[in-house]
Structure formats: C-alpha cells, structure tokens
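Working notes, structure below.
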Amino acid sequence: MARTKRAKSGVAVRPKLHYIVLVFNVFVITALVVSAAGLFWVSGRLNQRLVVTLDKPTKPNSSDDGSPLGTDWDLNTENLDAKNFLLTGSDNGACTSPGSATSGGIGDRTSFGERSDTIMIIRIDPSSKRAAILSFPRDLWVDIAGTTRQNRINSAFQSTDPNRLVATIKANFEIPIDHYVNINFCAFKEIVTAVDGVKVPFLYPTRDKKTGFNVAAPGCINFDGDTALAYVRSRSGYRYFDPTKQAWLDDPTGDLGRIKRQQDFLRRSMQRALDKGSKSLSVANDLLNAALKNVITDDELTPRGMLTLAQAMRDLNTQSIATYTIDSYPKRIGDMSVLIPSLDTEEMQKVLAIFQGRSPVVAQGASLRVNDGPKFVTASYRISSATVPAIARSADGTVPPNDPACR
C-alpha cells in the first residue's frame, strides 16, 4: 500500500532536488538547469516534496550469469541499465480560473476530484542517451489489478497510490515500472510560463470551443501557460480549417490525436528548456517552485542515480525520442465506448519489447528488433492500424508539422 509523505529534511536527501527539477520538466532536459552547485542552493526546501512508496518485489542479488546487481544507477558505472518511469498527468481543474477564455471543458470537479488525462511510460537509457515514450489511451479496457473486473485503465489511477495502476500495467502488458512521477496539470501550466512559453507550428487555423483553445491564423505560435493547457486538454472539440474545402474539420482520431499532440508538445517543451532553462538560474527557481507544489514521485529515486541520469542525458536529441501508443480498436460495452488493446500484431510486439527490456531503445525513425526475432519494423508516430485513422503530421491539422525553425 502506497503512502504519501513529505520527504525528510537534511543533508542526506539534499541531492534529490536534481531529480525534482529533472522530472518536473518531463525528466530529462531540465536536469541541465540545475548543476551540482544548484543542488546545494535549494537543498533546504526538499522537505516540501510529496513522495509515495511503490510496492516492489525483492530484487535478486545477482543476475542469471552470477554477476552482482546494483540497486540503482551509479555514478561510476559505465554500462547503465535503462529504466521505466510511469508518468501520469492528473487534472482537477484547480489551476483554471472559472470564466476565463481557456477554462472550457473543465467544469466543477470538486465532487470527484482529479482524473488521469495522461498515462505514459518514458523509458530512459542513459548509456545510449536515448529515450522512448509509450502512451496508454485512458479508455483502454483492461483487467484491473487486485479486482475481478475490467474497466478503463484510468480507473486504476490514484495519484497518491500508484500501485494499482502499476500492477494493472504489469498484468496487461508485462511492462515493469521502476519509478513513478505524477504531474498535476497546474505544474504543466507553470512550467510553460517559467520558460516564457513553448512554440508550436500550425498549418491551419485551429480551435476548440470546449477548452477555449484558438489559433486564428497559421504560423509559429508561442503558447503561454493557459493556452498550452487548453491545447493539451483538447480532444473531442479539436477542429481545424481546411482552406481547400473551405470548411472546419473535426479531428477524427479523438483521444489518440490528443496523445500525439501531447507527445509533440512534450518534445517541444523539452527543447525549450534546453534552449532557455539551462542558462537561467531564475528559470530553474521557477521550475522548482512549481515542482514542489505539483509533483509526486516515488521515494526510491536515489540522488546518485538522478545525477548520473542528468549527466548521461546531457546530449539527448529531443527529436530522436521515439513515441508510441498502445494499439487498439473501438468497442461498445454497455453504455460505454471503450478501446480494446490490440497487442498481437508484430508491430505492437516490437514496441512492447522495448519497454519490457527485451529490445534496446532506438531513435525516432530507426528500426526495431526484438532480441529473439529477426524481423524489423520502423518506429513512427503511431503504429498503423486498420481500425484507427493514421495521423499524417504534414498532411492534415491533427498534429503539428515538423518545423525545426519553430522553437
């Protein structure tokens, strides 16, 4: 059973600040913001951080070949193991001002609290300086761990007790979780504000009247925190204007389209932090302030491990991060519209193998190979499926085009 607690104060936990800043700006890139000196600078505030405990099986002392196993990443280890970080984004609408232009679609959630609008696993391989992201649509219909029932995967979510969600992912997808991070959407808003906005290119005018998101003309648009929040929340109301048809078109991809936009925005946020955050102590302070209020982590992330991660990922190319989504097909169950996982295809098995640790993390656009299989599949922005419309990044308005100049 997980328990939420405050991190203990004192010198022993001081270096975990590096982890807080790292994780808050989507783990990897904001590690550049705070150096070892920066850790000392803000060490006294670590007792404000919320942590939870993950239920984990006892680890063996040695591997199959008899070699000793380390407990975590070590500063003096050259061959660092890849690890899975479960990243959840919870949304209770607390940071949206009622009546504001971007408060649409939130409503009063005081009666049921937060919900998970984002569930993804980020696999980070410090030795190869690569990372990959696997997203789980919130409507995935799965067996819920610890129960005899099936339900949507986000019904297993509780920010202060991630163990049911961790166990559900392991039971349905055979993916182990090493560490946990929950980011409240308020933190997301504040991080965008801290780096003076994040730029996103648009081919067409785009809007969502439900969330209040609106781009009046195509171009490279710099989002502030409120606009960014409305953008990543946008789902069923997302529309773009097609000049050829002279009409506003709906995004036919629903939650899958939103996932792709979130993944794209994740990359852009990371790059923005590289460009700006690593050069500014005030930005680092703003990121820390937001993280302390809105981020929950597990308590097993060691200071040495996170410092190693920051050093190893310093040269990460954010454009090389491969992103995937669990393949699925729609189905009606009672009065609910859900997504049934489709895991048996060769393509999906290749993707799962990465996060199960059976295949190495590869760069975006590279080929995937499972250690026990000879065939390859090319990594792309989504795994093709006959039941879900493909997302063409440069051919329609559902996902921003690849414009390196817009950053």
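Calculated FRET efficiency, Ala216 and Thr160, Cβ-Cβ r, R0 35 Å, to nearest 0.05? If you can, show how the numbers build up before the last one.
Values: r = 40 Å, r/R0 = 1.16.
E between Ala216 and Thr160, to the nearest 0.05, is 0.30.
In terms of distances greater than 30 angstrom between alpha carbons, the cross-link table entries Lys245/Lys350; Lys56/Lys350; Lys56/Lys189 yield Lys245/Lys350; Lys56/Lys189. Annotation: amide H-H contacts under 5 Å for Gln158 (H modelled 1.01 Å from N, sequence separation of 5 or more, or interchain): Leu165. Amide H contacts of Thr325: Ser135, Ile383, each under 5 Å away and 5 or more positions distant or on a separate chain (H built 1.01 Å from N in the peptide plane; Pro and chain starts excluded). In this simple spin-label approximation, Lys56 and Ala145 carry label points 7 Å from Cα along the Cα→Cβ vector, and these lie 1.3 nm apart. Legend: distances between Cα atoms for Lys83/Lys209; Lys129/Lys260; Lys210/Lys331; pairs beyond 32 Å are Lys83/Lys209.
Can you give the FRET efficiency for Gln356 and Met336, using 1/(1 + (r/R0)^6), R0 = 25 Å, r = Cβ-Cβ distance, to the nearest 0.05?
Working: r = 29 Å, r/R0 = 1.16.
That pair, Gln356 with Met336, gives E of 0.30.
As a calculated quantity, the FRET efficiency between Thr345 and Ser282 at R0 = 35 Å, using C-beta atoms, amounts to about 0.15.
Each reported figure results from applying straightforward, stated rules to the coordinates on display, with no laboratory input. The model shown is predicted, which means the values in this text are computed figures rather than measured ones. Here Cβ is always computed from backbone atoms with ideal geometry, including for glycine, and neighbour counts include all displayed protein chains.
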